[in-house]
1. Could we say that B:LEU55 is modelled with pLDDT of 95 or more and under 18 Å from B:ALA208 (Cβ atoms) here?
2. Taking only pairs six or more apart or across chains, which ones have beta-carbon atoms under 6 Å, a first residue in region A:405-432 that is in contact (Cβ under 8 Å) with a residue 60 or more places away in the chain and under 12 Å from A:THR26 (Cα atoms), and a second residue that is buried (at least 17 other Cβ atoms within 10 Å of the Cβ) and basic (Lys, Arg)?
3. Checking the conditions here, which among A:GLY60, A:GLY20, A:GLY36, A:GLY6 is among the small types (Gly, Ala, Ser) and surrounded by fewer than 17 Cβ atoms within 10 Å (Cβ to Cβ)?
4. Going through region A:388-413 one residue at a time, which ones are among the hydroxyl-bearing types (Ser, Thr, Tyr), facing chain B (nearest Cβ under 8 Å) and crowded, with 17+ Cβ neighbours inside 10 Å?
5. Given the conditions (1) crowded, with 22+ Cβ neighbours inside 10 Å; (2) more than 13 Å from chain B (Cβ to nearest Cβ); (3) over 31 Å from the mean Cα position of the chain (by Cα), and given that A:ALA82 satisfies all but one, which numbered condition is not satisfied?
6. Quick one: is A:SER379 within 14 Å of chain B (Cβ to nearest Cβ), assigned to a loop (DSSP other than H, G, I, E, B) and of a type in the set (Ser, Thr, Tyr)?
7. Within region B:81-96, is even one residue modelled with pLDDT of 95 or more, out of contact with any Asp or Glu (no Cβ under 9 Å at 6 or more places or on another chain) and more than 23 Å from B:VAL188 (Cβ to Cβ)?
8. Looking at (1) in a helix (DSSP H, G or I); (2) within 14 Å of chain B (Cβ to nearest Cβ); (3) among the hydroxyl-bearing types (Ser, Thr, Tyr), which is the only condition A:THR38 fails?
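The values are calculated or read from the model by the stated rules, or taken from the named source; none is laboratory data. Note that this is a predicted model, so its numbers are computed, not measured. Ideal geometry is used to build each Cβ from the backbone, glycine not excepted, and the neighbour counts take in all protein chains shown.
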Amino acid sequence: MSSLFGTFSIALQSLQATQGALSATTDNIANVNTPGFTRRRAVLMEEIPEVQQGITYGRGVRLQGIESVRDEMLDLRLDAEAQDHGAAQAKVDALQPLDASLSDLDNGLTTRLTAFFNSLSTLAAQPTSVPMRQSALTAASNLVTGFNQTSQNVTQMRANLDYQVAQSVADINQRVDEIARLNSEVNRMQSIGGDASAYLDQRTTAIQELSELADVAIVQSDDGLTITTGRGTALVVGGNSYALQSSPDPDGHQRVLSAGTDITSEFAGGKLGAQLSVRDHDMLATLNDLDSVAFAFGNAVNQAHALGFDLNGDAGGQFFTVGSSAAGTAASIGIALTDPRAIAASSNGDAGSNGNLASLGGVEGTALINGQSAGDFLSGICFRVGSAASESQSQLEATESIQAQLESQRAGISGVSLDEEAANLMRFQRAYQAAARVIDTANQMLDLACNLGKE
Amino acid sequence: MRIGGDLTSDLVRAIDRTSAQQEKAFQQLSSGRRIEHAADDPAGFSLATHTSSRLADNDEFVSSTGTVQAVMQTADSTLSSVVTALTRAVSLGVEGANGSLSDAQRQALGAEALGIRDTVLSLANSSFNNTYIFGGTKSTSAPFVVDVTGNVAYVGADEVNRVRVGEALSVQAGENGAELFADPTGNVFASLTALYQAFTANDPSAVASATAQVRQAFDHVSTKRVFYGNSMQLLEQNSTFLGNNKVELSQEWDNLVAVDPNDAASQLVNAQQAHDRTIAGAAKVSQLSLLDLLNG
C-alpha cells in the first residue's frame, strides 16, 4: 500500500511475524536436551502484493505457521533398527551367562568326564586298591555333580528369563497405553487445526521404545496410527490400546496372551522375541542335550559294569542311577555305588582282574549319541552356545553402529543446533529492530504530515 | 549437510568403547588367557578342550607306566634272587651226586635243598602294595601253597592283567607264577622238591637227575627274565615319549589359550593411553556455542 498507514501496518505485521519466529527459536533453545524433540521452524511467507494504478506494492511478510522438521522415513528406519538392537542386546544378556556356565576350561563337564575315565585307567594298574577305587568313585561323583549343577543352572536361567518376559510384557503394555493416549491427543490437536508436534515427538519416542521391546508393525493410515504384532494381533488402534497378558503354562514358563489367546509365537524380534527364543530354543535345546548325553552315558556305563565282577566276586550292579527316560536325567543322575569294593573291575571273577575296566573305559570312545562319543557331544553343546553368544555380540556391535549413524542423521535433520539458534536470534532481533525503526520513521513522517501548514 | 549441534552422545560412545577395550586388556593380562569361555573363540575353545583331555590322558599314562614299572622291577629283582637260589641248588646237586658222601652229609644237603625250596616259595609269593605279583588275576591270596602231599602247587590264575600305558599301547603286567615256576620245560618247585627227596633217599643218581631238572628250571627262569627286561625297556621308552608328548601338548595349549604376558601388558598400556586420550579430548571439545559469545 502506498500510504503511510499502510507502511505502519506492514511494519506491525513484520513485528508480529518476527515475534512468532523468535518463539520458535526460543522453543528450540529450551528443548535442546529433550530426547526425541524435533526442532521447530517458522514458515515466513510473502504477503500477496496489491496493484494500484499500475504499480505493484508488496504487503510485507506473514507468519504462515511453525512446523517441526522431521523425517518420517528415518523414524521408521530407526524403529526397525531398534527392534534388531533390542533383540541383540537381550540375546547377549541371556546367552553370555549360559555360555559362562557351560564352557569352563578348567572344570567343565568334558574335563570331569575325562577325569572319570582316567581314574578307571589308573585303577586298572592296581585294581585291588581300595583307595584307588575310592578315587574312581570320587571322580564319578564330581561328574554327576557337574551334570546336576549345570542342569540346575540352565533351569534357573530359564526361570530368570520367565521373570524378564513378564517384565517385558508389562513394559510393552505401558508403551502401548501411552501411544494410544498420544494418538488421541494428536487427533484432537489436528482436528482443531493446531500443531500436534509436541505429541508427535513424544509418540515417536514411545514407538521407538516399543520397537526395542518387540517386533511390531506400524501402519499409518487416514484413520490414524495402528500398531500390531508381526502376525497382526492388534496392540494400538487409534486411541485404543489392547494390553497383553503374561501367564505361566503347566511347566511354569510365561506365555504371552492377548484377550485370552496365546500369541507367544508371534514375537520373533525385539527384546521380548529374543528372550522367548533363548528360553525356548537355545536353553531348552541345551537342557535336552544334557539330558540325552547323561542318559546315554549312564546307561552305557551301567551296561559295561554289569558284565564284570566286584572285589567280592559278585556280578556288577548299577554304577549310576539313571531314570527310565532321558528327560530330567542330567538333574537327577547319581551314583548307585557307595562301597568302593563294589566297582566291578574284574572280568573273570578274580579279585585282582582288571579286565572289565577296559570295557568300562571303552565307553569313552563309543559313539553314544548322533554318532558322537559323550565327550564330543558335550564339546558340541559348548561350541553351539559359544557360537550363538559370539554371534549375538557381533550383531549387537553392528546394530549399535548403525543406530549411531541413524541417530546422527536424525540429529542432522531434526536436532537443535545452538549455533544456528543463536544466529536466528540475532537475525530476528535485527529484523525486529528494523521494523521498529520503520514504525518510528513512519510516525515521524505522519507527524510532519499532520502538522503541515501549522505555524 | 546440516550437523546436529550436540556432540555429547558421540563422546560418551567413544569413552564407552575405550573403557571396554581397557577392561578386556586387563582381564587378559590378569588371567593370562585369551580364551575364558567358548564365546571368546568357539573353535579355539573346542580345540583347547580336546588338547586338555589329551594332556590329562598323558598324565594318566605317566602314572600307570610308573606303577607297572615298579611292579616289574620288583618282579625282576625277585627273579634275580630266585636265579641265585637255583644256582646254589645246582651246586648242592653237583656236590651231592658224589658217591663218596656219607648219609649224614647227604641229609644236611637235603635240608639245605628244602630250605632253598622254602626261600623260593617265599619269593614266588612276593607282594607289592598288598598284591601278589605272581598270581595272575588271583592277586589277593598267595599263589603257591604246599599241598597235603608236600608238593608245591600253584593256586593262582592263568590270566594276567593288561594295563594301558599309552594312546595305543597296552602292556602285559607280568607273567603268571605257573609259567615262571611250574612250567613243564623247567619246573622250579618240582625240581627242587625232587632234589630234596633225592637227598633224603640217599640216592646219588636221583640227585644227579634232579640236579639236571634244576638246571632246566634255572634256564627257564633266566629266559623268562628277558620278558621283564624287554618290558622295562619298553616302559622306559614310553616314559620318554610321554615326557616329550607332554611338552608338545602343553605348547599346543599355550598357542590356543595363553596370552603372551608381554603382549598383554603392552595391549593394556595402549588401551589405557587410548582411554586417557579420549577422555582428555572429550574434555577439550568446545561446548561453546554462538550463544555464549554474543554480547547482551
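1. Values: modelled with pLDDT of 95 or more: yes; under 18 Å from B:ALA208 (Cβ atoms): no.
No: the conditions fail for B:LEU55.
2. These pairs meet every condition: A:VAL416/A:ARG39.
3. Every option except A:GLY6 fails the conditions.
4. Result: A:SER390, single match.
5. Only one criterion is unmet by A:ALA82, namely (3).
6. On the way: within 14 Å of chain B (Cβ to nearest Cβ): yes; assigned to a loop (DSSP other than H, G, I, E, B): no; of a type in the set (Ser, Thr, Tyr): yes.
No: the conditions fail for A:SER379.
7. There is no residue in region B:81-96 that is modelled with pLDDT of 95 or more, out of contact with any Asp or Glu (no Cβ under 9 Å at 6 or more places or on another chain) and more than 23 Å from B:VAL188 (Cβ to Cβ).
8. For A:THR38, the exception is condition (1).
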